[in-house]
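A.B. asks: Quick one: structure below, then a few questions.
The values are calculated or read from the model by the stated rules, or taken from the named source; none is laboratory data. Since the structure is predicted, the reported quantities are computational estimates derived from the model, not experimental observations. Heads up, the Cβs are rebuilt from the backbone with ideal geometry, glycines too, and the neighbour counts pull from every protein chain shown. Quick note on the areas: whole protein, heavy atoms, side chains included, nothing else; ligands and nucleic acids left out. Shrake-Rupley method; radii C 1.70, N 1.55, O 1.52, S 1.80 Å.
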Amino acid sequence: YRTNEIYSFCWELNAQISMLNPDVLALLYHFARYSDGPILEFGPYVGGSTAALGRGLRDGTRPGGIVTVEIGGAADHPSIPSKDIIADLEKNLARYEVRDSVQVIQGSSRDANVIERVEALADGQRYAVLMIDSDGHVSADLEIYRRMLRPGAY
């Protein structure tokens, strides 16, 4: 599988804008490609995981979109620094041609306004994929968002 075009795409994401291993990015691509509903992501940083999810969604046959929640700000990361995380995220979503399928929400996943917006953007559906790579409080996010996930969600 590491010789196919998608793995090359994931390797490029890893080299350019993602801290995630290309195998993880490929897994996210496949989750999105074969999911049967919208995708919810926390902590996209500058968009490597979101680009993989977006490409999978685009290559799939089922409708859906991505809602991604990023707190923003700046980060002095040693290999992928950002002076404006949200601006870099937006730039990378456009660069990898997935911008049209992504709704970016700036804020904390546990903020009441963000929770309300995430639910509204699901438009009556339940999320089929949940990707959490944010602040390490996975159980807190699961407690809040579990009711928004469809049975068998990735």
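A.B. asks: If we keep just the residues of region 85-97 that are touching a strand residue (DSSP E or B) at 6+ places or on another chain (Cβ under 8 Å) and farther than 15 Å from residue 135 by Cβ, which is most open to solvent (accessible area, probe 1.4 Å)?
C.D. replies: Among them, the one singled out is 90.
A.B. asks: Being open to solvent by less than 90 Å² (accessible area, probe 1.4 Å) and basic (Lys, Arg) is the filter here, so list the residues in region 98-139 that pass it.
C.D. replies: Selection gives 99, 110.
A.B. asks: Considering region 46-71 alone, what residues qualify as being under 14 Å from the mean Cα position of the chain (by Cα) and surrounded by fewer than 23 Cβ atoms within 10 Å (Cβ to Cβ)?
C.D. replies: If the condition is that a residue be under 14 Å from the mean Cα position of the chain (by Cα) and surrounded by fewer than 23 Cβ atoms within 10 Å (Cβ to Cβ), then 58, 64, 65, 67, 71 are the ones that fit.
A.B. asks: Taking region 81-140, which residues are outside any loop (DSSP other than H, G, I, E, B) and among the acidic types (Asp, Glu)?
C.D. replies: Residues satisfying the conditions are 88, 90, 100, 116, 119.
A.B. asks: Continuing with the same structure: The conditions are (1) modelled with pLDDT of 95 or more; (2) more than 15 Å from the chain's Cα centre (by Cα); (3) surrounded by fewer than 13 Cβ atoms within 10 Å (Cβ to Cβ); (4) closer than 21 Å to residue 33 by Cβ, and residue 143 fails exactly one of them. Which is it?
C.D. replies: Looking at each condition in turn, residue 143 falls short on (4).
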